[in-house]
1. Sorted by average packing, counted as other Cβ atoms within 10 angstrom per residue and highest first, what order do 116-126, 488-498 take?
2. Just want to confirm a number: the relative contact order over the stretch 145-264, from Cα pairs under 8 angstrom separated by 6+ residues, in percent.
3. Setting aside same-chain residues fewer than 8 positions from Lys292, which lysines have a Cα under 27 Å from its Cα?
4. Put a dot 7 Å past each Cα toward the Cβ at Arg193 and Arg282; how far apart are the dots in nm?
5. Using Cα pairs closer than 8 Å and at least 6 residues apart in sequence, work out the relative contact order for the stretch 459-541, in percent.
6. So for Thr323, Thr165, fewest C-beta neighbours within 10 Å to most, what's the order?
7. Sort the stretch 145-264 into rounded, prolate or oblate with this rule: let a ≥ b ≥ c be the square roots of the eigenvalues of the Cα gyration tensor; rounded if a/c is under 1.5, and if a/c is not under 1.5, prolate when a/b is larger than b/c, oblate otherwise.
Amino acid sequence: MILADAGTRTAEELSSAVVNGAWLDALKFVLVVGWFLLTVRCAGLVAEENHRLRLHRSAWSFAVVAGALASLFPLLAIPFFPVGLFFAAGFFAPMLLGYVHMVRNPRVREPEQILTDEHLGRIGRELLAGLGVPISAPEEDGPLVRLKPPRALRRRAELAPVLGTLEGMIQDAVDARTSDLQLDVLRDRASLRRRIDGVWGPASALELDSAAPLAELLPKLAADETGDARRVQAGSFPIKLGRQNLQVHLTMVSSTVRRRTNLRLPTIGGPKKVDELGLGERERADVVGALKHSTGLVVVCGPSNSGRRTTLQAMAASIDQLTRRVLAVDEPARPFDLPNTVDRLVLPLSAPSDPTWGLKQAANVACDVLLVGRVESPEAAAHVLSASKERLVLAAVDADNVVAGLLKLAELGDGRDGVAERLRVALSQRLPRKLCVDCREPYRPNLEALRRANLARPVGDVLYRARSPQSPVCETCNDTGYVGCAPLFESLTLTTRLRHLLRVGAGERELLLEARKEGVVSPTEAALALLATGVTSADELRRILQFARSEREEP
């Protein structure tokens, strides 16, 4: 009787709890609806990311939706809401985290990855900063480099020391902000050169016993084991830089007496969008306005190693991938560093003999924006101008200034009328190196020397220059005197007057004078501002402006 009474009371209490709202109270109803809306929003974000990244992962989308629906059952079946929420999260969280870490994050750059340790730590620091508790980001010694050789090479014990040597070489290059390595192996000696901030340093001697096996290993890593010493070899091999999986691109030229290998290291922390390029207000407005057009031509001018490719990459990455399709025409050994959402057309090794091969193939591919490299032949210029009638084309031209770039493109292409009609904006740039603030040296300038360097305007009584060889060791710049670059830009959009002058055959000087009247800032004017504030040195400005015809011809 006692057990029966206890069971009856329990059933009555349970019934009373149901009637009184253990499952149906207003607060729990609001919380369940909130959880449902949260899961629906997450499922919608998964669908948007699949579209943006051009992924067809219906299985994962179905799994996320199924997890969202399954998570509602514990909330409705368990009276105590915290317990129900625990089991609901157990149904939904594995599906969402699996999609993020197995599908999404491997296809985006590290700064765009979510739900990682860095991402959660950044969110935590931002929340604490909002509460008035600022916490600085942890200092890092730099990303750790790890090679990822093929299994066949990894199993060969005799190659382990060579792989270790290559890994250490790349690690040292990354720590020193090196963009390119050049390995030369001759019969009796070997050397290595580095390019830092766009400038090649002096060659340093290497031991031939270690350099020769390294030169033989590199083409094998790039999956090129033909051993043909009479042709250019190009390829790439993977490395892991921190948590990023990247590629090192190499070009090798061999002969009977010399084997030269150029390695282009992946870019780390460079500008990814137009807002990060360092453009002025006028230049940024011109570029952003030009990228909104559906047709036309955007030209980036400048000499070699002036950062034209970086600017083109930032422009392409700033275009909305959800609404517009971008197609990049890659070179064999120097592809663009772009998000995975950008389609690529990789040129084969036979393409250099026909520079228009890639543009001809791209004409058959449906796209909204076409990204090409340097335009240097009449055939390539004709194809670029023709493609700009139907889509927006981003291209680079080797020229001193914006006007010289337009005239060169007109001479290579179908005349000035095509350029005057289709040009949206022309951008010219230089990349002077920035002085290291820890070891730069102040001095009083020699006005005559500045006048010879086309920097005759007063810039102040005290300027700065790079460290002298006798200065103490500087760990910040590795004794180079410079750290990073400060870009100089000038942009030109064709007004009615400039279009008329371009069509009637005006010369470079006349067009430049008119552009200056329209407010286009001379590169020298921007350079003087960097010089006066101690950002760079007169020697560095002399190096990057020595071929600027526009500045020498101005009165």
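Computed from the coordinates by the stated procedures, all read-outs in this text should not be read as laboratory data. Everything numeric in this text was worked out from a predicted model, so none of it was measured. FYI the Cβ positions are ideal-geometry reconstructions off the backbone, even for glycines, and counts take in every protein chain you see.
1. Numbers: 116-126: 12.6, 488-498: 20.1.
The most tightly packed comes first, giving 488-498, 116-126.
2. Working: 203 pairs, mean separation 31.0, N = 120.
Averaging sequence separation for qualifying contacts and normalising by length gives 26 percent for the stretch 145-264.
3. Straight-line reach from Lys292, under 27 Å: Lys272, Lys273, Lys360, Lys389, Lys408, Lys517.
4. 3.8
5. On the way: 49 pairs, mean separation 39.7, N = 83.
Result for the stretch 459-541 is 48 percent.
6. On the way: Thr323 7, Thr165 17.
Ascending Cβ contact count within 10 Å gives the list Thr323, Thr165.
7. Working: a/c = 1.41, a/b = 1.04, b/c = 1.36.
The shape class here is rounded.
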